[in-house]
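Novice: Okay, here's the structure, questions in a sec.
The values are calculated or read from the model by the stated rules, or taken from the named source; none is laboratory data. Given the structure is predicted, the values throughout are model-derived calculations rather than measurements. Note that each Cβ is placed from the backbone with ideal geometry, even for glycine, and that neighbours are counted across all protein chains shown. Ligands, DNA and RNA are stripped out before the accessible areas are found, and what is left, the full protein with its side chains, is counted by its heavy atoms. Shrake-Rupley method; radii C 1.70, N 1.55, O 1.52, S 1.80 Å.
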2 protein chains.
Amino acid sequence: MKVSISKKILDEDEKYAIQNSRLLAKQKKLCLNMISSPGSGKTTILMRTINELKDIIKIGVIEGDIQTDLDAEKIRASGAPAIQIETKGACHLSAAQVNRALKRLPLDDLDLIFIENVGNLVCPSAFELGETGKIAVLSVAEGDDKPAKYPAIFARAKVLLINKIDLLEVGAAVDFDIERVKADARKLNKKLEIFPISAKTGGGMAWWYDWLKRSIKNQR
Amino acid sequence: MKVSISKKILDEDEKYAIQNSRLLAKQKKLCLNMISSPGSGKTTILMRTINELKDIIKIGVIEGDIQTDLDAEKIRASGAPAIQIETKGACHLSAAQVNRALKRLPLDDLDLIFIENVGNLVCPSAFELGETGKIAVLSVAEGDDKPAKYPAIFARAKVLLINKIDLLEVGAAVDFDIERVKADARKLNKKLEIFPISAKTGGGMAWWYDWLKRSIKNQR
């Protein structure tokens with residue numbers, strides 16, 4: 001029974017997902033939906049990306065949180081326009097919410113829109129927002145068994161950012177086998193691009209920036 | 001509309017939650033529902049707790065995962081009986097699933113049953129399983145803004161375990177203000193017991209063990 005109810009909600013929201021997808025395609029904008037557990041570092045990744053690329057790529061952000069606008073404040077401090085959506089308890093963003101937020105962003109001036117979904121490795125991966133692609137983020141502190149245990153997002157993402165790799169260098173504080181994650185994730189998704197990064201130190205981020213630049217070019 | 005649908009599912013499952021609650025009360029068993037993001041260390045906390053207390057407390061575990069029985073295997077290796085529930089995509093355990101699992105555990109021989117919920121800081125906090133209480137786990141790697149951003153579980157838990165405090169000691173690898181978390185969480189929940197621990201090193205775990213012993217005594 002639960003399946004059919006979920007399906008019904010999906011169907012209703014799918015109209016907005018299709019609208020979003022058409023709007024983005026018409027305006028030739030890249031729109032990336034970032035999905036991860038709470039605290040994997042999505043906001044920090046966005047802040048560093050906005051800062052490093054600000055002279056060549058114009059970025060806007062739609063921030064999803066259950067409560068507070070802490071993240072949109074941080075993004076605005078990095079110099080990018082940000083629209084905060086408070087879901088008030090809901091565990092994922094809906095396409096309808098993203099539709100309203102897209103209309104409030106200065107789309108004409110932007111090259112790239114990031115959607116930072118609610119921190120949740122499970123539910124957001126089931127809801128299409130009309131985005132160009134999904135980006136999965138996994139922090140090394142979360143453990144290397146996550147693609148096996150939570151396969152949906154790893155199967156559906158275009159890119160997996162393995163964040164906080166700086167923690168692997170400080171006296172082996174964290175046990176995390178990057179090769180295991182790569183192998184498990186690629187079993188689910190042959191085309192997945194995987195970049196180990198540290199949004200804190202900037203390590204490995206150049207590969208991610210290159211991917212963004214290529215993807216924006218392909219979108220035009 | 002979504003609210004009423006969620007409510008309907010809750011109502012249906014509530015019958016099982018009430019059954020579970022009555023069964024546990026009748027048999028005077030403590031049953032704790034552990035809720036956190038993926039990778040905060042729930043399984044490691046359980047393994048160490050089972051090991052350290054095995055001569056004085058008999059523990060059984062109900063393991064919830066979207067996919068795989070990796071965690072139940074680990075728990076069984078620690079010497080405790082464990083029942084794995086694979087939710088096959090669902091983002092939280094249901095009381096009906098827990099009801100079936102309770103019947104498969106050797107309840108008469110146990111003092112304490114842990115339910116390790118699906119790794120998700122959001123959804124499991126909304127679903128009553130008939131447990132005696134909820135335990136929230138937050139790893140310091142997830143950041144100190146989580147009680148503000150994801151208030152539901154912090155408002156409803158009896159205990160908050162702040163895990164991986166060993167990461168705070170290795171060259172300030174992680175920025176995490178324990179006092180901020182304590183203050184934000186206690187704003188939501190005055191009675192919340194908060195124990196900073198490292199399940200990896202065992203640091204701080206004695207407070208948690210004492211709380212468990214006291215709670216089992218009170219249950220009898």
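Novice: Of B:103/B:213; A:187/B:42; A:26/B:149; A:190/B:158, which ones are farther than 32 Å apart at the Cα?
Specialist: Distance filter (> 32 Å) returns A:26/B:149; A:190/B:158.
Novice: What is the mean number of Cβ atoms from other protein chains located within 10 Å of the Cβ atom of each residue in peptide A:110-122, rounded to a whole number?
Specialist: Rounded to a whole number, the mean comes out at 3.
Novice: At the nearest 100 Å², what buried accessible area, both sides summed, do you get for B and A when the probe is 1.4 Å?
Specialist: Answer for the B-A pair: about 3300 Å² buried.
Novice: Ignoring ligands, DNA and RNA, what percent of the accessible area of chain A is carbon or sulfur (1.4 Å)?
Specialist: 51
Novice: I've got another one for you. What's the average, rounded to a whole number, of partner chain beta-carbon atoms within 10 Å of each residue's beta-carbon in B:58-68?
Specialist: Going residue by residue through B:58-68 and averaging, the value is 2.
Novice: For residue A:82, what charge total do you get from the other residues with a beta carbon under 11 Å from its beta carbon, if Lys and Arg give +1 and Asp and Glu give -1?
Specialist: Its environment carries a net charge of -2.
Novice: Could you work out, residue by residue across B:30-42, how many beta carbons of other chains sit within 10 Å of that residue's beta carbon, and then give the average as an integer?
Specialist: Per-residue shielding by partner chains comes out at 4.
Novice: Can you list, shortest first and in nm, the gaps between the label point of residue A:133 and those of its counterparts in the other copies, using a point 7 Å from Cα in the C-beta direction?
Specialist: Result for residue A:133, in nm, nearest copy first: 4.8.
Novice: List the relative contact order of chain B as a percent without decimals, with contacts defined as Cα pairs under 8 Å and 6+ residues apart.
Specialist: Reported relative contact order: 24 percent.
Novice: Where the convex hull is taken over the Cα atoms of chain A, what is its projected area averaged over directions, in nm²?
Specialist: Dividing the Cα hull surface by four gives the mean projection, 12.0 nm².
Novice: Measuring label to label, 7 Å along Cα→Cβ, what does residue B:18 give against each other copy in nm, shortest first?
Specialist: 4.3
Novice: Find the relative contact order for region A:43-127 and round it to a whole percent, using C-alpha pairs within less than 8 Å whose residues are 6+ positions apart.
Specialist: Relative contact order comes out at 36 percent.
Novice: Using only alpha carbon pairs under 8 Å that are at least six residues apart, calculate the relative contact order of region A:123-175 and give it in whole percent.
Specialist: Relative contact order here is 43 percent.
Novice: Related question: Report, in deg cm²/dmol and to the nearest 500, the calculated mean residue ellipticity at 222 nm for chain B, where each DSSP H run with n ≥ 4 adds -39500 (n - 2.57) and the sum is divided by the residue count.
Specialist: -12500 deg cm²/dmol
Novice: Arrange the peptides B:123-136, A:198-211 so that the one whose residues have, on average, the most other Cβ atoms within 10 Å appears first.
Specialist: B:123-136, A:198-211
Novice: Here's something else I'd like to know. Of all the residues in chain A, which one has the C-beta that comes nearest the axis relating A to B, and what is the distance in Å?
Specialist: Spelled out as residue then distance in Å, it is A:141, 2.
Novice: What size of dipole, in debye to the nearest 20, comes out for the protein assembly as shown about its Cα centre when the only charges are +1 on Lys and Arg C-beta atoms and -1 on Asp and Glu C-beta atoms?
Specialist: 1080
Novice: If you rank B:164, A:74 by how much accessible surface each has, with a 1.4 Å probe, what is the order from largest down?
Specialist: Sorted by accessible area, descending: A:74, B:164.
Novice: If the viscosity is 0.692 mPa s and the temperature 37 °C, what translational diffusion coefficient in µm²/s does Stokes-Einstein give for the protein assembly as shown when Rh comes from Kirkwood over Cα pairs?
Specialist: 147
Novice: Next question. Place the peptides A:55-61, B:113-119 in order of packing, highest mean first, counting for every residue the other Cβ atoms within 10 Å and averaging per peptide.
Specialist: Result, highest mean first: B:113-119, A:55-61.
Novice: Along Cα-to-Cβ, 7 Å out, sits the label point; list in nm, shortest first, how far the one on residue A:106 is from those in the other copies.
Specialist: Computed spacing set for this position: 6.9 nm.
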